[in-house]
């Protein structure tokens, strides 16, 4: 984190590190033909480093979201080339469907929701953070199914702060079209359910 509470340097660091690992993976798997094996190696060696403690630093600006997502874009194009020997600029969304993989943004969203549920259920014990949760109480006879009251912030940094972001995501899931009662399911169940859904934040193809 920079002195101005921004994670710009961290985004650059994790992206550069992931690209280096991806290059290492590419050079050492030239004889690999099984996409499942390549995907497992990518998830274990590359994606894991892009997700470590993401609830703390998950970006709010599209510039950095795309920067991190570019690692997975490169991997999927590399994987597609290995299997089909074509350099056609195939749509990122189609590649994700083909290889059954979600956007990194969506996986960070899921991690945020799971973190908040574990916090609520006391699986993560942190009284200071738990005390900052703003449960919504006046939710009778209203179409708004928000679980939390999220205060509007004057700055993007505050709006995208971990707790504010986590509560906002839970509110999104509680309302249409999702209508998921996140508080009455286990974190593991919610994680499984959310990972089967499309991304909450669409990532434009490039």
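The values are calculated or read from the model by the stated rules, or taken from the named source; none is laboratory data. This structure is a prediction, so every number in the text was calculated from the model and none was measured. Cβ sites come from the backbone with ideal geometry, for glycine too, and all protein chains shown count toward neighbours.
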Margin query: Can you say whether residue 75 is more than 21 Å from residue 165 (Cβ to Cβ), touching a helix residue (DSSP H, G or I) at 6+ places or on another chain (Cβ under 7 Å) and either at pLDDT below 95 or outside any helix (DSSP H, G or I) (or both), as far as the supplied structure shows?
Written below: no
How many residues of the stretch 126-174 are in contact (Cβ under 8 Å) with a residue 24 or more places away in the chain and either more than 24 Å from the chain's Cα centre (by Cα) or in a helix (DSSP H, G or I) (or both)? The answer is 16
Heads up, the helices (runs of 4 or more DSSP H) in the stretch 1-65 (entirely inside) with at least 3 residues that are surrounded by fewer than 16 Cβ atoms within 10 Å (Cβ to Cβ) are 8-27, 35-41
A careful count of residues in the stretch 83-105 that are in contact with a helix residue (DSSP H, G or I) (Cβ under 8 Å, 6 or more places away or on another chain) and part of a helix (DSSP H, G or I) gives 8
When (1) surrounded by fewer than 19 Cβ atoms within 10 Å (Cβ to Cβ); (2) over 19 Å from the mean Cα position of the chain (by Cα) are applied to residue 79, the one that fails is (1)
